[in-house]
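These notes concern the structure reproduced below.
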Amino acid sequence: MTYDESTLTQLTADAEQIVSRYPVPRSALLPMLHLVQSVDGFVSPDGIAFCADQLGLTSAEVSAVATFYTQYKRRPNGEYQVGVCTNTLCAVMGGDEIWKRVSERVGVGHDETTADGKISLERLECNAACDFAPVMMINWEFFDNMTPESALSVVNDILDGKPVKPSRGPDAVPTFKEVSRVLAGFEDGRADEGVGAGEPTLAGLKVAKDQGWTAEGGAK
Amino acid sequence: MTELVPVLSANWDQEQSWKHASYVKGGGYGALKKALGIDKADLVQMVKDSGLRGRGGAGFPTGMKWGFLPPDDGKPRYLVVNADESEPGTCKDIPLMMANPHVLVEGVAITSYAIGCNHAFIYVRGEVVHVYRRLLQAVREAYEAGDLGKNIHGSGFDLDVTVHAGAGAYICGEETALLDSLEGRRGQPRLKPPFPAVAGLYARPTVVNNVESVASVPAIVERGVEWFAGMGTERSKGHGLFSLSGHVEKPGQYEASLGITLRELLEMAGGMRGGKSLKFWTPGGSSTPIFTEEHLDTPLDYESVGAAGSMLGTRALQIFDETTCVVRAVTRWTEFYKHESCGKCTPCREGTFWLTQILKRLEAGNGTEADIQQLLDTCDSIAGRSFCALGDGATSSIISSVKLFREEYERHVTEGKCPFDHAASALFDYTAASSTSEPTTEEAHA
Ligand SMILES: Cc1cc2nc3c(=O)[nH]c(=O)nc-3n(C[C@H](O)[C@H](O)[C@H](O)COP(=O)(O)O)c2cc1C
Ligand code: SF4
């Protein structure tokens with residue numbers, strides 16, 4: 001391992017905290033891989049060695065797990081992971097066209113990263129926001145109801161180094177490393193930013209209120 | 001007219017609805033205090049009597065599942081909440097946890113108490129960071145308020161809750177794969193039996209329940225069994241979130257009693273986009289056989305949807321209008337299953353690969369009449385022969401679409417191209433000319 005002493009001290013303290021959340025240490029492996037990405041920007045050989053060391057596993061065992069999950073990156077990832085959903089529903093609603101335009105603009109394809117390390121592109125599978133289709137995710141924050149124009153404007157802002165704000169999420173998208181730390185289970189103080197629900201989320205509630213329907217006495 | 005019944009969704013429009021204070025203001029955590037004064041066995045019986053069935057897709061009776069746990073041997077037993085929501089079209093648990101994570105946390109506390117669990121887990125998919133933030137905060141707030149932790153509200157009951165983020169794998173929604181993943185392994189399904197109730201997490205008795213199932217528990221405790229069972233149909237009781245997406249005017253979450261119809265829901269959602277006609281739809285996500293306008297009046301309950309040849313699944317109603325190419329839709333779903341196949345068993349691993357090859361050929365207009373039969377034969381080798389339900393699910397949209405729209409597959413063959421203008425299906429205007437070079441999804445999903 002080539003981590004310097006202060007990095008290693010911090011990593012070890014964080015890993016201890018993660019392990020303490022589980023009755024059996026090995027359960028800490030997935031969050032620890034997120035933790036490694038928060039330091040290295042991908043699951044590095046050092047990170048694999050670190051996880052193995054902490055959990056008493058072999059590097060091969062850790063690698064076998066890391067390669068199973070698409071969120072763990074095998075090569076240095078961009079600062080912003082830009083994903084366009086191209087599963088059926090989003091694709092049909094325009095996701096294919098958005099993907100094409102975004103990919104042309106950024107100049108890389110699926111699972112590729114720009115030379116300056118700003119953006120990694122990905123064709124996403126369904127991200128559980130179908131009522132907001134077409135959907136784009138940046139570092140796993142929701143950009144809802146995209147058009148090619150709105151998607152390109154977000155991407156341009158990223159390339160220009162400007163902060164971007166998701167439709168449902170924090171005031172600005174944190175970096176890939178920052179969100180990886182959240183996924184390791186460390187709060188970043190942004191939970192109260194952004195809305196509780198988007199318009200489609202409230203569609204049924206609105207109809208019910210307009211009609212005066214409630215669940216008080218059960219349904220009719 | 002079936003009315004909507006906002007229960008889980010009732011407070012979603014409130015100021016900071018995700019906060020403990022806001023939830024408590026609306027009566028939140030009252031059910032937990034009530035439950036802690038009820039005998040555990042009575043709580044399990046209550047949920048049995050309510051008729052609540054699993055909201056994660058299979059519809060297994062929730063109280064019965066809890067009752068399967070062996071008698072307490074003094075050693076740990078676990079509750080694991082399945083918050084992996086990744087089935088294409090399914091989009092109910094994520095907005096629920098974003099807007100009101102506390103109803104889930106309260107449900108976790110009551111369920112854990114009822115089954116004698118002192119450490120519960122919420123396994124949420126990793127691709128929804130803001131939802132994860134809200135869950136982490138909700139759990140912390142609940143500890144601070146004494147709704148979790150040691151000696152909850154003086155009852156002597158202790159509970160720890162760990163919120164765990166996955167890392168991108170649809171198969172981890174399958175309950176035994178989820179348990180392997182939570183144990184820090186590759187998420188691959190386990191052989192059943194033993195079922196999780198007997199040997200689940202760390203080989204201990206475990207209840208795995210969907211987010212919406214667990215979140216439905218507080219209201220049952222609070223308002224009573226009769227109230228819950230008064231909604232829905234004979235064997236499909238209670239309320240559920242119906243998620244409308246696609247070519248409808250107002251897509252979104254509509255919480256209704258089970259048994260509502262798509263015709264009723266469409267009316268509430270402002271009808272089909274631009275007055276176009278309905279072509280096909282999924283009643284319960286991409287793993288459920290597709291329906292057409294013939295099924296507009298099928299009551300959306302487990303029995304009726306089953307009798308009509310599909311499954312209620314997750315109530316993920318993906319709606320496609322006349323502009324949509326069914327071959328394109330099915331091809332894209334099949335690529336998803338190929339990508340997500342965990343590789344453990346041959347029929348699914350190899351079969352989804354071949355299905356994708358054939359479908360892509362057909363969609364591009366390079367297929368033959370024999371390919372359509374080959375497609376069905378391949379489905380035959382997968383359905384019922386796979387290790388878990390992912391393999392079966394992969395064949396649903398194929399088999400049903402060939403049955404309902406065979407002539408559309410044939411048109412791709414005879415015309416040598418896709419007869420549809422994809423731009424017409426999109427929500428925004430663009431010229432079809434720019435859409436000819438679609439990405440080669442082969443490398444994309446490798
Ligand atoms: C491939 C596959 C994916 C699944 N994904 C989910 C999921 O994301 N969420 C869920 O609750 N159930 C999912 N299930 C169903 C679970 O295996 C299990 O039946 C469910 O979590 C039980 O909870 P319930 O009884 O409360 O519905 C999936 C099943 C399969 C076969
Ligand atoms: S059916 Fe597919 S997902 Fe399920 S065990 Fe077999 S290969 Fe894995």
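Coordinate-derived values only; no laboratory data. Keep in mind that this is a model prediction, so the values were computed, not measured. Don't worry about glycine lacking a Cβ; one is built from the backbone with ideal geometry, like all the others, and counts go over all protein chains shown.
A few comments on the model shown:
- Residue list for the range A:23-48, given a label point 7 angstrom along the Cα-to-Cβ vector of residue B:158 and an amide N cut-off under 16 Å: A:23-24
- Here the spin labels are modelled as points 7 Å beyond Cα on the Cα-Cβ line, and at residue A:2 and residue B:421 they lie 5.6 nm apart.
- The Cα-based radius of gyration and maximum Cα-Cα distance (Dmax) for the range B:20-229 are 15.7, 45 Å.
- Panel values: the range B:239-321, Kirkwood radius from alpha carbon pairs, Stokes-Einstein at 4 °C and 1.567 mPa s, translational diffusion coefficient 107 µm²/s.
- In degrees, nearest ten, helix A:45-55 long axis to first principal axis of chain A (Cα): 80 degrees
- Label-zone membership for the range B:381-410, site residue B:354, 7 angstrom Cα→C-beta point, backbone N under 15 Å: B:381-386, B:395
- Residue B:248 long-range amide H proximity, modeled H, under 5 Å: B:273
- Of the GluC sites (Glu not before Pro) in the range B:191-234, those whose Cβ has at most 15 other Cβ within 10 Å and which sit in DSSP loop: B:234
- Efficiency of FRET between residue A:24 and residue A:153 - r from beta-carbon atoms, R0 60 angstrom, step 0.05: 0.80
- GNM on chain B, alpha-carbon springs under 10 angstrom: the most fluctuating residue among B:196, B:71, B:419 is B:71.
- Working value for the range A:80-175: equivalent-ellipsoid semi-axes of 18, 15, 11 Å, each the square root of 5 times a Cα gyration tensor eigenvalue, largest first.
- The angle separating the long axis of helix B:326-340 from the principal Cα axis of greatest extent in chain B is about 50 degrees.
- Converting phi to 3J(HN,Hα) with the Karplus coefficients 6.51, -1.76 and 1.60 and the offset θ = phi - 60°, the range A:157-164 yields 4, 4, 5, 7, x, 8, x, 10 Hz in sequence order, with x at every glycine or proline.
- Only aspartates and glutamates eight or more places from residue B:75 in sequence, or on another chain, were considered; none has a Cα closer than 13 Å.
- Estimated D of the protein assembly as shown in µm² per second, where Rh is the Kirkwood radius over Cα pairs and Stokes-Einstein applies at 10 °C, 1.306 mPa s: 63 µm²/s
- In chain B, inverting the average of 1/r over every pair of distinct C-alpha atoms gives 22.8 Å as the Kirkwood radius.
- Long-range amide H partners of residue A:119 with built H, under 5 Å: A:79, A:80, A:114
- For chain A, built as a Gaussian network whose Cα springs stay under 10 Å, the top-fluctuating residue of A:164, A:82, A:207: A:207
- Spatial extent of chain A: Rg and Dmax, with the Cα atoms as the point set, Å: 20.0, 66
- Anchor residue B:403: aspartates and glutamates whose Cα lies under 13 Å away (excluding residues fewer than 8 positions away in-chain): none
- Cross-link pairs B:338/B:360; B:92/B:192; B:92/B:250; A:209/B:34; B:65/B:338; A:73/A:118 - those with Cα-Cα distance over 20 Å: B:92/B:192; A:209/B:34; B:65/B:338
- Averaging the sequence gap over all C-alpha pairs within less than 8 Å and six or more residues apart, then dividing by the number of residues, gives the range B:239-321 a relative contact order of 36 percent.
- Acute angle (nearest 10 degrees) that the helix B:369-382 long axis makes with the longest principal axis of chain B, alpha-carbon atoms: 20 degrees
- Highest-fluctuation residue, B:277, B:287, B:216 considered, GNM on chain B with Cα pairs under 10 Å: B:277
- The mean sequence separation of alpha-carbon pairs under 8 Å and at least six residues apart, normalised by the residue count of chain B, gives a relative contact order of 15 percent.
- Placing a pseudo-label 7 Å from each Cα along the Cα-to-Cβ vector at residue B:407 and residue A:9 gives an inter-label distance of 7.6 nm.
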